[in-house]
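What follows is a short report on a single structure.
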Amino acid sequence: MDAEKALLIDYEYCLGCSECETACMSVHDEGPEAIGIKVLGPWKTRGGSWQYDFVPIPTDWCDLCAARVVEGSRPACVRRCQYGVISFGTVDELVGMFKMKSKMMLFTPKNIERQAS
C-alpha cells in the first residue's frame, strides 16, 4: 500500500485570491455547491477589528484530485496556487514541514478509500 497522501496549507501567505476554488471547480466540472476547497476570511476579532487572514479549507468533497494524481499530476489547487500556500505529498513528508512553523494545517481526506494509490 502506498503512503497516505495529504495537503499542507501554509495560510500565513494566503491572499484570498480563490484560485484554488476556481481550479477545483474547473477540474471536477462542478459548481460551488460541490467544491473541494473553500477560502474563508477575513473575519472580525473579539475586539471588533478585522483580521485579514485567509484560510483555504478542504471540504468533504476533496479527494486530492485522485484522477489527476494517478496520471502523475498534482491536485488542481496545488498546481494553481501562485503563492505556494498549498503543498501535496505524503503525510510523512509534510509533517516535517508542518513542524517548522505556525499557521499551517495538515489535511487528509475524510474518506481515505477515495484516494488513488
- Residue by residue through the range 86-93, which ³J(HN,Hα) values in whole Hz follow from phi under the Karplus form 6.51 cos²θ - 1.76 cosθ + 1.60 (θ = phi - 60°), with glycine and proline marked x? 10, 10, 10, x, 7, 4, 4, 5
- Message: Using only Cα atoms and rounding to the nearest 10 degrees, what angle (0 to 90) does helix 19-28 make with the longest principal axis of the chain?
- Response: 30 degrees
- Calculate the radius of gyration of the Cα atoms of the chain to one decimal place, then report Dmax, the largest Cα-Cα distance, as a whole number, both in Å. 14.4, 49
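How long is the gain from Met100 to Tyr52 if the chain were fully straight, where each residue apart is worth 0.36 nm and the alpha carbon distance is subtracted? Write out the running numbers ahead of the final one.
Details: separation 48, 0.36 × 48 = 17.28 nm, distance 2.28 nm.
Between Met100 and Tyr52, full extension yields an extra 15.0 nm.
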- Modelled label-to-label distance, Gln82 and Lys44, 7 Å Cα→beta-carbon offset: nm? 3.2 nm
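What do you get for Rg/Rh over the range 1-42 if you use C-alpha atoms and the Kirkwood form of Rh?
On the way: Rg = 12.5 Å, Rh = 12.0 Å.
Using Cα coordinates only, the ratio equals 1.05.
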- Tabulate in residue order the Karplus-calculated ³J(HN,Hα) for the range 30-44, using 6.51 cos²θ - 1.76 cosθ + 1.60 with θ = phi - 60°, rounded to whole Hz; enter x for Gly and Pro. 10, x, x, 6, 10, 7, x, 8, 9, 8, 10, x, x, 8, 7
- Note on the structure: Which residues qualify? For Val39, with a placed amide H closer than 5 Å and at least 5 residues away or on another chain, they are Ile57
- Task: Over the residues of the range 37-84, compute the C-alpha Rg and express it relative to 2.2 N^0.38 Å.
- Result: 1.55
- Item | Within the range 65-84: backbone nitrogen closer than 19 Å to the Glu33 label point (7 Å, Cα to C-beta) | none
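Coordinate-derived values only; no laboratory data. Please read all numbers here as calculations on a predicted model, not as lab measurements. Every residue, glycine as well, gets a Cβ built from its backbone with ideal geometry; the counts of neighbours run over all protein chains shown.
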